[in-house]
Amino acid sequence: MRLYRRDATIETGKMRNYITYEEATQATDGEGGYTKTWATVKQIWAQITPMKDTRKLEAAAVKFVGAFTFRFRYDTDIQPAGRFTYEGVTYTIHSVNDIGKLHRYMDAACYTQE
């Protein structure tokens, strides 16, 4: 299915990567303190595309190895404080945007770190 919105074309058939969204949680370490752990929140279908223009991430002083855009159906649970994992690689979420402010699809700017 292909949807046309202004200058963006969204092909839902290209969302063939089943990714995991995780959020940070605190777990007790047994000595009165806490340890940061990551808990799976949900798994969703997405399209993963390498970024052509990574200047936005460079301007934010983020050290990264690779920059990617994850496109998925609109979901308010996905927040920049979380991260994605796919095929054993962890992707830190830099920003999440509602495409065209239509509440149908979202793009997340993500990067992998060294």
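Structure values in brief
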read-out: Cut-off under 5 Å, modelled amide H: who pairs with residue 10 long-range; value: 3, 5
read-out: Likely footprinting exposure, 15, 51, fewest C-beta neighbours within 10 Å first; value: 51, 15
read-out: Around residue 71: net Lys/Arg minus Asp/Glu count, Cβ-Cβ under 10 Å; value: 0
read-out: Length added when fully stretched, residue 77-residue 41, from 0.36 nm per residue minus Cα-Cα; value: 12.1 nm
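Each reported figure results from applying straightforward, stated rules to the coordinates on display, with no laboratory input. These numbers come from a predicted model, not from an experiment. FYI the Cβ positions are ideal-geometry reconstructions off the backbone, even for glycines, and counts take in every protein chain you see.
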